[in-house]
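> The structure follows.
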Amino acid sequence: MLAYIILFLITLAVYYKFFIFGKIPFPGDLMVVSYSPWLDYYKFPVQNPLISDVFSQFVLWKYLAIEALKNFEWPLWNPYSFTGNPLLATYHSASLYPLNILLLLPKHYGWGLYIYSQTLIASLAFYLFISQIVKSKIAGLSGAVIFSFGGLMTTWLELGTAGHAIAWLPLALYSIKKLISETKFRFIVLLIASLSLVILAGSAQITTYTFLITFFYASFSCWKNGIKSQRILFLSFSFIAAIGITALQLLPSY
């Protein structure tokens, strides 16, 4: 429990500007240095121009989807893009991702918590997984910090899609490891839930990588431990169930 508290405090410390000063993790400065009319007056180097997609696409999609759901409507259509564009079928909109509920909070604090939750979930989930492999708490804490603050996480953090998809990977690996050693219903549910959340998070690339990693990890673990067909069946069912549960998102998108 102490390790989880330490990780929680570390993530709070990194996001102190949000929790203490109310500054939202949002690349609004790029609007000034990348777009007219401000571009004509200010010339500053842009280190990561790709995150301008946050305010030109991702935030707008998220809040449009949450507004539709607040009105008990399916977030099917975006009327503000050209002459209209599919919203639910836009995979990066992650319209059905459960943690979108944070965006119901006022004054964009929900967006700050939504971005912060990526780092928190990633650190806690990775420690949960790595603690099953290594006994050293220092090694586990170090691994959790490196994973949750690594280059891939921080580069795409403000997009709010790839980071959320990555964050659930350790929980899926933890579930697989536990299912290999003991067949319990709660680990099947946990694996289905974690894989479903990866899919719904809205990053097609990370979803593909996650399913490849978890598939090969499960296959290798079964081969190494000589697992019986019953547990292989449970693992296979979990993968198929996750895809089936998220079909509402996958079918329109693909």
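The values are calculated or read from the model by the stated rules, or taken from the named source; none is laboratory data. Keep in mind the model is a prediction, meaning the values are calculated, not measured. Here the Cβ is made from the backbone with ideal geometry for all residues, glycine too, and neighbour counts use every protein chain on show.
> So which residues in the stretch 3-18 are of a type in the set (A, V, I, L, M, F, W, C) and touching a residue at least 12 places away in the same chain (Cβ under 8 Å)? Walk me through it before giving the result.
Here is the first cut: in the stretch 3-18, the ones of a type in the set (A, V, I, L, M, F, W, C) are 3, 5-10, 12-14, 18.
Once the filter is applied, which keeps residues that are of a type in the set (A, V, I, L, M, F, W, C) and touching a residue at least 12 places away in the same chain (Cβ under 8 Å), the stretch 3-18 yields 3, 6, 7, 8, 10, 14, 18.
> I need the full set of residues from the stretch 131-140 which are in a helix (DSSP H, G or I) and surrounded by fewer than 21 Cβ atoms within 10 Å (Cβ to Cβ), in order please.
Step one: list which residues in the stretch 131-140 are in a helix (DSSP H, G or I), which gives 137-140.
Those that are in a helix (DSSP H, G or I) and surrounded by fewer than 21 Cβ atoms within 10 Å (Cβ to Cβ): 137, 138, 139.
> At least 1 residues that are within 30 Å of residue 10 (Cα to Cα) and touching a Lys or Arg at 6+ places or on another chain (Cβ under 8 Å) in each: list the helices (runs of 4 or more DSSP H) lying fully within the stretch 146-254 that qualify. Break it down into steps so the answer makes sense when it comes.
On the way: elements: 151-155, 162-167, 169-181, 185-200, 204-225, 229-245, 247-253.
Filter on the stretch 146-254 gives 169-181, 185-200.
> Could you please tell me which pairs satisfy a Cβ distance under 7 Å, a separation of 6+ or placement on different chains, a first residue in the stretch 24-44 that is more than 17 Å from residue 59 (Cα to Cα) and assigned by TED's automatic domain parsing to the domain that holds residue 116, and a second residue that is loosely packed, with under 11 Cβ neighbours inside 10 Å and at pLDDT below 70?
From residues that are more than 17 Å from residue 59 (Cα to Cα) and assigned by TED's automatic domain parsing to the domain that holds residue 116, the pairs are 32/42; 33/42.
> So which residues in the stretch 124-178 are farther than 23 Å from residue 196 by Cα and of a type in the set (A, V, I, L, M), if there are any at all?
Scanning the stretch 124-178 gives 133, 134, 138, 139, 141, 145, 146.
> Considering only the stretch 82-107, state which residues are without any contact (Cβ under 8 Å) to a residue 60 or more places away in the chain and either within 26 Å of residue 207 (Cα to Cα) or buried (at least 19 other Cβ atoms within 10 Å of the Cβ) (or both). Give the derivation first.
Start the filter on the stretch 82-107 by keeping residues that are without any contact (Cβ under 8 Å) to a residue 60 or more places away in the chain, which leaves 82-85, 87, 100-107.
Answer for the stretch 82-107, where residues must be without any contact (Cβ under 8 Å) to a residue 60 or more places away in the chain and either within 26 Å of residue 207 (Cα to Cα) or buried (at least 19 other Cβ atoms within 10 Å of the Cβ) (or both): 85, 87, 100, 101, 102, 103, 104.
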